[in-house]
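> Quick one: the structure is below, and I'll ask about it shortly.
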Amino acid sequence: MGSVDRQEPLWQPDPERLGELEMSRFMRWAAARVGRELSGYEELWRWSVEELEEFWACLWEFCGVRASHGYERVLAAREMPGARWFEGARLNYAENMLLGPAPSSPAAEASAGGDGGEDRAGEVAVLHCSELRELREITWGQLREQVADAAAGLRALGVTRGDRVVAYMPNIPETLVALLATASIGAIWSSAAPEFGARSVIDRFAQIEPKVLLTVDGYRHGGKDFERAENVARMLAEMPSVEHLVVLPYLKDDFEEAAFGGGGVRGVLTWEGLLALAPGSELRFEQVPFEHPLWVLYSSGTTGLPKAIVHGHGGILLEQVKKRLHLDLRRGDRMFWFTTTGWMMWNFLVGCLVSEAAIVLYDGSPAHPDLDALWALAERAGITCMGVSPGLLASCEKAGIEPGRDHDLSRLRALGATGSPLSPESYRWVYEHVKPDVWLFSTSGGTDVCTAFVAGCPLLPVYEGELQCRALGCAVQAWDEHGNSLDDEVGELVITEPMPSMPLFLWGDDGSRLRESYFSTYPGVWRHGDWIRITPRGGAVISGRSDSTINRQGVRMGTAEIYRAALGVEEVLDVLVVDVPRDGNELWMVMFVVLREGARLDEELSAQIKRRIREDCSPRHVPNEIRQIAEVPRTLSGKVLEVPVKRILMGSPPEQAASVDSLANPRALDYFVAMAREIASGQ
């Protein structure tokens with residue numbers, strides 16, 4: 001276990017800049033505020049999870065949360081589920097995003113002017129481009145004007161506090177504007193990326209009975225055009241609650257209303273038509289309680305009806321102002337994360353506006369026209385903090401991409417990765433081929449809380465294969481099956497103290513599904529479903545989902561470790577591994593590999609893969625069988641479908657094992673359905 005901990009750091013913060021970091025400023029300010037010595041990040045973290053009320057109150061004040069009415073107390077019930085935060089407060093999420101920190105706060109004082117953001121009107125708030133649009137800029141003043149007009153348009157359609165507004169739209173400025181407009185009214189937002197199939201979107205949106213549906217006519221991805229009118233018509237037919245349809249002609253200049261069906265809706269508008277209903281309106285922000293619903297996110301939907309997870313204005317706001325510290329974001333920065341509107345990282349990216357940094361939106365394939373696409377965007381947009389998937393970094397490495405050589409990345413100071421564990425090989429590749437002085441951080445969290453549990457910290461060094469720290473306010477521990485805390489051992493990732501951004505509730509749930517989802521294993525403690533090891537220096541190693549862990553003769557290993565070993569073989573491009581019962585209780589471990597073009601899974605290559613796993617993982621985790629497949633089935637957010645594939649191979653019908661419309665490549669399941677038939681017939 002300890003080999004990683006003896007390594008030298010790949011990166012260390014500049015000692016001359018340590019005192020200027022947002023995290024350092026907060027640490028000094030909080031220490032003086034509460035009269036406690038906080039001499040380093042570990043002490044700061046322990047205080048943040050032991051003295052919850054002190055920490056969250058200090059964060060509120062330091063970051064300048066705007067509220068029309070203060071709170072009566074920070075935490076009314078310190079329990080899970082059921083914690084009640086900041087009762088009595090009245091605020092609005094969109095107001096904090098658009099106007100920045102309160103003028104009298106330390107955060108505002110550190111920003112030039114500190115007058116509520118009016119001096120920023122001419123500064124860039126959003127940069128955006130796509131496969132259909134060139135790179136453009138939107139100023140803070142323009143963003144506020146568009147949000148004001150969109151909110152006035154929604155009000156003209158009858159949208160009021162508590163109504164649901166949903167969007168079937170990509171990561172473009174209009175979607176951002178619609179979210180902020182919806183929040184400013186006190187209505188409830190939800191979004192899905194347009195690559196989602198109609199059934200998948202209906203399964204999500206129909207649960208919350210939206211009043212307004214916003215959509216694009218289509219989108220371009222990987223150089224190919226995809227029209228969406230037919231999908232929207234299907235949605236409207238199965239969502240009778242929708243009264244108004246707003247269409248943005250994005251793929252084409254013209255707009256054919258008849259193509260969208262529209263049956264049952266009172267009216268169909270274009271996006272420009274919505275903004276024209278009450279042009280020149282002033283910004284208005286409905287003041288709502290701290291726990292008033294802000295948006296609805298959804299579990300991956302790989303099995304059953306997706307959980308409709310409801311988050312509140314205040315809890316999400318506090319989590320996002322905290323990112324100002326963890327990302328060291330400030331005015332003048334340009335923040336980018338590659339994401340779609342169907343993933344919580346889009347909501348996270350929007351929330352970076354609260355730091356007064358500009359955000360960069362991109363709609364398109366990260367590999368079109370080639371794997372240099374996002375590195376080229378970083379150069380053109382002057383990105384200072386960039387987030388991508390570990391899969392993209394691995395693909396760039398295998399394709400021989402040289403971002404540092406081929407692009408001017410002089411402004412890039414931080415590079416983040418999330419969505420799956422970041423391999424040690426990718427850590428090394430970044431420092432050798434992207435930028436030797438970049439701060440590389442890996443994060444891990446979840447849609448359920450719309451934040452990271454383990455994250456980056458600009459105060460700490462970066463070690464190969466290790467996430468830097470447990471995030472402030474996140475009481476993360478590794479537990480064994482009996483509820484005992486583990487040190488430097490792999491265990492279940494649990495959260496032992498409540499967080500403000502935990503779900504308010506699951507839509508349509510009486511509380512039983514929420515308890516079953518998160519609190520049934522350890523009553524009163526959040527079990528997230530990941531394997532984690534807390535290292536002696538306070539960092540963390542995530543080794544995959546605990547519900548897809550391979551347990552061989554009592555030795556448990558996360559699939560991420562097995563994948564890393566297999567991907568170390570040059571011919572292997574992608575991997576999926578499952579263990580299924582065979583001949584009674586025996587578990588048969590099968591590995592499925594996608595190979596480079598021209599490569600063939602012969603005995604020699606199979607032996608090479610097994611040898612690599614035996615050496616890097618354990619002899620017990622050498623697969624019983626290796627099969628070559630065309631592609632690994634994944635969700636739209638890139639997660640490997642280990643558990644659904646296992647269920648299919650064990651005899652579950654595919655429609656019960658996985659929601660096909662939530663998959664990026666549903667045809668990839670056909671192989672496993674055929675294999676299940678072979679198993680059933682005894683072949």
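The values are calculated or read from the model by the stated rules, or taken from the named source; none is laboratory data. Computed from a predicted model, the values in this text were never measured in an experiment. Ideal geometry is used to build each Cβ from the backbone, glycine not excepted, and the neighbour counts take in all protein chains shown. All accessible areas refer to the heavy atoms of the entire protein, side chains included, with ligands and DNA or RNA removed. Shrake-Rupley method; radii C 1.70, N 1.55, O 1.52, S 1.80 Å.
> Tell me the Rg and the Dmax, in Å, that the Cα atoms of segment 153-278 produce.
My reading of the Cα-based Rg and Dmax gives 13.2, 40 Å.
> Now a separate question. Taking K and R as +1 and D and E as -1, what net charge do the other residues with C-beta under 14 Å from the C-beta of Gly419 add up to?
+2
> Another question about this same structure. Which value, in debye to the nearest 20, describes the size of the charge dipole of the chain about its Cα centre when Lys and Arg Cβ atoms bear +1, Asp and Glu Cβ atoms bear -1, and nothing else is charged?
Values: 68 positive and 97 negative charges, 142 e Å.
For this selection, approximately 680 debye.
> Now a separate question. Grab the other residues whose beta carbon is less than 12 angstrom from that of Val321, score K and R as +1, D and E as -1, and report the net.
Numbers: positive: Arg66, Lys322, Lys323, Arg324; negative: Glu22, Glu61, Glu319, Glu356.
So the surrounding residues net to 0.
> I want to make sure I understand the PRE zone here: with the label point 7 angstrom from the Cα of Glu109 toward its beta carbon, which residues in segment 44-81 have backbone N atoms less than 16 Å away?
Inside the label zone: 58-65.
> Where the only charges are on Cβ atoms (+1 Lys, Arg; -1 Asp, Glu), what is the dipole of segment 510-649 about its Cα centre, to the nearest 20 debye?
520 debye
> Subtract the Cα-Cα distance of Ala674 and Thr521 from 0.36 nm times their separation in residues, and report this length gain in nm to one decimal.
Full extension of this stretch gives 51.6 nm more.
> Using a 1.4 Å probe over the heavy atoms of the protein chains, calculate the carbon and sulfur portion of the accessible area of the chain as a whole percent.
The C+S portion of the solvent-accessible surface of the chain is 45 percent.
> On to the next question. Report the GluC sites (Glu not before Pro) located in segment 414-501 that are in a DSSP loop and have at most 16 other Cβ atoms inside 10 Å of their Cβ, or state none.
For GluC sites (Glu not before Pro) across segment 414-501 that sit outside H, G, I, E and B with at most 16 neighbouring Cβ atoms in 10 Å, the list reads Glu481, Glu489.
> Here's something else I'd like to know. What number, rounded to the nearest 500 deg cm²/dmol, is the helix-based mean residue ellipticity at 222 nm of the chain, given -39500 (n - 2.57) per DSSP H run of at least four residues and division by all its residues? Could the numbers behind the result be given before it?
Details: 22 runs with 211 residues, N = 683.
My calculation for the chain gives -9000 deg cm²/dmol from helical runs alone.
> Here are labelled values, (i) 70, 66, 54; (ii) 78, 62, 54; (iii) 74, 63, 58, and one is the computed Cα extents along the principal axes in Å for what I pasted. Which one?
It is the value labelled (i).
> Using 0.36 nm per residue, how much length does the chain from Asp488 to Asp14 gain when fully extended, once their Cα-Cα distance is taken away?
So the chain would gain 167.8 nm between Asp488 and Asp14.
> What does the extension gain come out to for Ser241 and Arg266, with contour length at 0.36 nm per residue minus their alpha carbon separation?
Numbers: separation 25, 0.36 × 25 = 9.00 nm, distance 1.09 nm.
Between Ser241 and Arg266, full extension yields 7.9 nm more.
> Separation of segment 211-231 and segment 16-60 by C-alpha centroid, Å?
46 Å
> Only four residue types carry charge here, +1 at the Cβ of Lys and Arg and -1 at the Cβ of Asp and Glu. Report the dipole size of segment 205-353 about the Cα centre in Debye, rounded to the nearest 20.
700 debye
> Please identify the GluC sites (Glu not before Pro) of segment 604-654 that satisfy two criteria: DSSP loop assignment and at most 15 other Cβ atoms within 10 Å. Which are they? Each step should come with its number before you reach the end.
Details: sites: Glu604, Glu615, Glu625, Glu631, Glu642; in loops: Glu631.
Those satisfying the criteria are Glu631.
> Also, I was wondering about something else. What does the charge count near Met23 come to, summing +1 for each Lys or Arg and -1 for each Asp or Glu among other residues with Cβ under 12 Å from its Cβ?
+4
> Which lysines, on any chain, are close to Lys307 with Cα under 28 Å apart, when same-chain ones fewer than 8 places away are left out?
Lys211, Lys322, Lys323, Lys639, Lys646
> Evaluate the distance, in nm, between pseudo-label points positioned 7 Å from the Cα of Arg380 and of Asp602 along their respective Cα→Cβ axes.
Those two pseudo-labels are separated by 4.5 nm.
> Moving on. Give me the distance in nm between label points sitting 7 Å out from Cα along the Cα-to-Cβ direction at Arg46 and Gln656, one decimal.
5.1 nm
> How far apart, in nanometres, would the label points at Asn551 and Arg234 be if each is projected 7 angstrom from Cα along the Cα-to-Cβ direction?
3.9 nm
> Cross-link partners among aspartates and glutamates for Lys435, C-alpha distance below 16 Å, same-chain residues fewer than 8 apart left out?
Leaving aside aspartates and glutamates fewer than 8 places away in the same chain, those within reach of Lys435 are Asp14, Asp372, Glu379, Glu397, Glu402, Asp406, Asp408, Glu425, Glu464.
> In Å², what does the accessible area per residue of the chain work out to with a 1.4 Å probe?
38 Å²
> Cα centroids of segment 350-423 and segment 518-580: how far apart, whole angstrom?
26 Å
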